[in-house]
Amino acid sequence: MLPALLAGAGILAVAALFIFGNDDDKEAKQAKDATAQQANAQTQKSGSPSGGVASRKVDDATETSKPKPRLNPRIADAIVTDGMAPVPNKRPDPTTFESVDAEIAYWEEALREANRMLEIRQRASEHVPNQEQRIRENGTPQDLEEFQVRKQVVADNLELAQARVAELELKLQKLRGG
């Protein structure tokens with residue numbers, strides 16, 4: 001009976017070492033690196049009469065210290081469907097101006113920006129047929145469904161950009177008295 005208990009206890013002890021003893025490699029490696037670094041620094045000081053810079057600790061090639069970005073899961077798969085996304089830090093349009101000329105200058109600048117955005121939206125809508133053809137040839141039905149949603153967003157954004165340009169042109173026409 002006693003030999004069976006001792007054998008069972010020995011087996012449990014070996015299993016516990018295998019399960020809970022995994023961190024020894026890292027600690028041993030860190031201790032070895034610290035010892036090597038200390039030895040290198042000492043030999044650099046005493047080995048060279050002119051001094052110099054001691055060697056520094058170097059990370060392993062397998063370990064990476066690059067942080068992994070975290071993405072908020074609530075906005076990870078969000079698709080803007082309520083129109084164009086707002087420009088970050090965009091100030092609202094002023095309601096009063098110093099003069100009519102200042103107001104015209106402001107709206108002309110807004111029209112230039114709106115035309116630039118319209119051009120971007122038109123180029124994006126021109127690429128839609130080619131992208132759709134590629135997805136039909138190489139994609140899955142799920143890819144095609146996702147593309148149809150994106151296609152609708154591109155079309156909606158183009159319509160909003162056209163409406164913005166038309167609105168600004170009308171506003172400028174009224175200000176110029178035409």
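Qualifying trypsin sites (Lys or Arg not before Pro) in the stretch 113-178, where qualification requires a DSSP coil assignment and no more than 11 other C-beta atoms within 10 Å, comprise Arg176. The HN-Hα couplings worked out from phi for the stretch 159-165 by the Karplus form 6.51 cos²θ - 1.76 cosθ + 1.60 (θ = phi - 60°) are 4, 5, 5, 5, 5, 5, 5 Hz, whole numbers, x standing for Gly and Pro.
Here, each number is a calculation from the coordinates, and none is a lab measurement. Predicted model, so just to flag it, every value in this text is computed and none were measured. Cβ sites come from the backbone with ideal geometry, for glycine too, and all protein chains shown count toward neighbours.
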